[in-house]
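Derivation of every value follows stated rules applied to the coordinates shown; laboratory data play no part. Keep in mind it's a predicted model, so treat the numbers as computed, not measured. Cβ coordinates were reconstructed from backbone atoms using ideal geometry, including for glycine residues, and neighbour counts include every protein chain displayed.
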Amino acid sequence: MTMMTTAPATAGAFRRSGSGPFGRMLGGAAALALACASAPAAAQEAPDALVKRVSQEAIEIIKTDPQVQAGDSARIRELIETKLTPHFDIERMTALAAGRTYRTATPEQKKRLGDEFKSLLIRTYSSALRQYREQTIDYKPLKLDAGATEATVRTEVVRPGQPPVQIDYSMGKTPDGWKAYDVIVGGVSLVTNYRDEFSEQVRAGGIDGLLKSLAAKNAGAR
Amino acid sequence: MKAQSLSRRIAAAMVAGVLLAGCSAAPSRDDPFEPVNRASYRVHEVVDGNVVKPIAQAYVDYAPRVFQTGVRNFFGNIDDFISFINDVLQNKPDKAGNDLGRVITNTAFGLLGLIDIASDAGVPKGNEDFGQTFGYWGIPQGPYIFIPVLGPTTVRDGTGLIVRAYATPIGYINDVSTRNILWGIGFLDARAAALQAESLVDQASLDRYTFIRRAYLQRRQYLVYDGKPPPPKDDE
């Protein structure tokens, strides 16, 4: 994962420094070399493997970190920001949730919308993690075609004495590896739910109204 | 020529306007009585927030764990029985066998359902109900309804709940006070079970009413199709 994230950044730096055609070629070659070097690493981490690894890492921390155990909100938030959100395609999620509104928004509005949505997701995940109880997660194997760029990773959470809950992740392939753009918990899609919420806010007060209520919600974070 | 193109443009604008209006009104296709429902929801928030929820929270916090588990299992056993009836109505023999097996095992060997032996033995819990059966038969969900204290439902699912009240063994207990106490405990258990999900809704939602409505309708659609709902129609 770390190799994947550094590769495009380095390539970009090369490209910026090279002003002439030669520089650009050099940059291109360097980028290609780096891409080749990191390709096997990317190929290794299939979407289902990624979901499993990230979930298990997160659960391990929840179980062992004393600050998380004590319910330290700042620590839980930090954990989510460093461990979970990098694997979410926030931009795609925002675009899906805001639909038509997103397409007509200015780049500045898009950025603010993405940032606010991200904060809201972190907030929601914090609350979910604080409720974590002993449970087992069953990771369903994924059949993926070689050239696939979209996948749904299925998991099932089993808690004693209760019906199992299916948690599915809709994932897309990005230059930084596979990223989730929707989470479907027991049939309830996060993005679909927010689509209603967002369109309602936009109807009432336009995109600025939506931004305002998102900001207000996030400001009231506990 | 000019007039024609103008009128054509107006016509196109009107069509676009109607289409857009249709799009923006998308949520109310499911919820034509939204103003009434929102009023019900406001009543619900007051009654639930001041009376029902604190009682449910106190129950979770102070009632002995063993008691809570027993109650959950007892009503879960009734749910399994309801699920069995609906498996049969939906012609799903495998699930019916499963659920019937659970009911017999837990009733006979689990102290009338107080202990969920079947789950311990690895028999998964079913969750069919009458609303899902109606959906399986092709009956549309109908308008969304929010009932104070009871929560979200639809015409179809609400009808299912009424049928359920007649199919539940508790309804056939002759002693009125015993019957009412059991209904009461069952309600408390159901409300307590929703506390965790509710705190998530508080964190996640911009407007609780809208959030609960979409989550409820998505969940029901998913259950009717046994976890494989048809892809949602893209209304854009």
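Taking 23 Å as the cut-off for C-alpha to C-alpha distance, list the pairs among A:LYS212/B:LYS53; A:LYS83/B:LYS53; A:LYS140/A:LYS173 that go past it.
Long pairs (Cα-Cα over 23 Å): A:LYS212/B:LYS53; A:LYS83/B:LYS53.
So how do A:135-145, B:75-85 stack up, highest first, on mean other-Cβ count within 10 Å?
Highest-to-lowest ranking by the protection proxy: B:75-85, A:135-145.
Ordered by residue, what ³J(HN,Hα) values in Hz, to whole numbers, does the range A:87-98 give under the Karplus form 6.51 cos²θ - 1.76 cosθ + 1.60, where θ = phi - 60° and Gly and Pro are x?
Taking θ as phi minus 60°, the curve returns 9, 10, 8, 4, 4, 5, 4, 5, 4, 5, 5, 8 Hz for the range A:87-98.
Place the peptides B:136-148, B:57-69 in order of packing, highest mean first, counting for every residue the other Cβ atoms within 10 Å and averaging per peptide.
Top to bottom by mean Cβ count within 10 Å: B:136-148, B:57-69.
Where does the charge balance sit around B:THR107 when Lys and Arg score +1, Asp and Glu -1, over other residues with C-beta under 14 Å from its C-beta?
After counting each charged neighbour, the total is -3.
Rounded to the nearest 0.05, what FRET efficiency do A:THR152 and B:VAL51 give with R0 = 41 Å and r taken as the Cβ-Cβ distance? Could you check?
Result of the calculation: an efficiency of 0.45.
Among residues other than B:PHE134 whose Cβ falls under 12 Å from its Cβ, what is the net charge (Lys/Arg +1, Asp/Glu -1)?
0
Can you tell me how the range B:26-73 classifies by the Cα gyration tensor, rounded, prolate or oblate, using a/c under 1.5 as the rounded cut?
oblate
When the chain is fully extended, how far beyond the present Cα-Cα distance does B:ASP61 get from B:ASP175, taking 0.36 nm per residue of separation?
38.0 nm
Count the net charge of all other residues whose Cβ sits under 10 Å from the Cβ of A:LYS179, scoring Lys and Arg as +1 and Asp and Glu as -1.
Computed value for this residue: -1.
Take peptide A:208-217, look around each residue's Cβ out to 10 angstrom, count Cβ atoms belonging to other protein chains, and average those counts.
Taking the mean over all residues of the peptide, I get 1.
Could you check which residue among B:LEU188, B:LEU112, B:LEU200 shows the biggest mean-square fluctuation in a GNM of chain B with a 10 Å Cα cutoff?
Evaluated over chain B, the most mobile residue of the options is B:LEU200.
For the range B:52-147, what does the alpha-carbon gyration tensor say about shape, rounded, prolate or oblate, given a ≥ b ≥ c as the root eigenvalues, a/c under 1.5 as rounded, and a/b over b/c as prolate?
Verdict is oblate for the range B:52-147.
Work out the charge dipole of the range A:89-222 with +1 on the Cβ of Lys and Arg and -1 on the Cβ of Asp and Glu about the Cα centre, then indicate which of A:LEU211, A:GLY172, A:ALA97 is farthest towards its positive end.
A:LEU211
For B:192-203, what's the mean count of beta carbons from other chains sitting within 10 Å of each residue's beta carbon?
Average per residue, whole number: 3.
So what is the relative contact order for the range A:125-218, in percent, with contacts set as C-alpha pairs under 8 Å and at least six apart?
15
Roughly how big is chain B's charge dipole about its Cα centre, with Cβ charges of +1 (Lys, Arg) and -1 (Asp, Glu), in debye to the nearest 20?
820
Which value, in debye to the nearest 20, describes the size of the charge dipole of the range B:19-140 about its Cα centre when Lys and Arg Cβ atoms bear +1, Asp and Glu Cβ atoms bear -1, and nothing else is charged?
My answer is approximately 140 debye.
Which whole-Hz couplings ³J(HN,Hα) result when phi for each residue of the range A:167-183 is put into the Karplus expression 6.51 cos²θ - 1.76 cosθ + 1.60, θ = phi - 60°, listed in order with x for Gly and Pro?
Whole-Hz 3J(HN,Hα) from phi for the range A:167-183: 10, 10, 10, 7, 10, x, 7, 10, x, 9, x, 6, 9, 7, 10, 7, 10.
Over the whole of A:182-188, what's the average partner chain Cβ count within 10 Å per residue? Rounded to a whole number, please.
Mean shielding by partner chains, rounded to a whole number: 5.
Under a point spin-label approximation (7 Å from Cα along Cα-to-Cβ), what is the A:ALA70-B:PHE109 distance to one decimal in nm?
4.7
At B:VAL36 and A:ALA49, where each label point lies 7 Å from the Cα along Cα→Cβ, what is the point-to-point distance in nanometres?
5.7
Going by a ≥ b ≥ c, the root eigenvalues of the Cα gyration tensor, does the range B:146-233 fall in the rounded group (a/c under 1.5), the prolate group (a/b larger than b/c) or the oblate group?
Oblate is the answer for the range B:146-233, as a/c is 1.5 or above yet b/c matches or exceeds a/b.
Using the Kyte-Doolittle scale, which helices in chain B average at least 1.0 and also have C-alpha atoms spread 20 Å or more along the helix axis, with helices defined as whole DSSP H runs?
Correct list, ordered by number: empty.
Around A:TYR181, which amide H atoms from residues at least 5 apart in sequence, or from another chain, sit under 5 Å from its own amide H, with H modelled in the peptide plane?
Those lying under 5 Å, H to H, from A:TYR181 are A:ASP89, A:SER170, A:MET171, A:GLY172.
If the label point is 7 Å along Cα→Cβ of B:ASP202, which residues in the range B:36-66 have backbone nitrogen under 20 Å from it?
Flagged as within label range: B:41-63.
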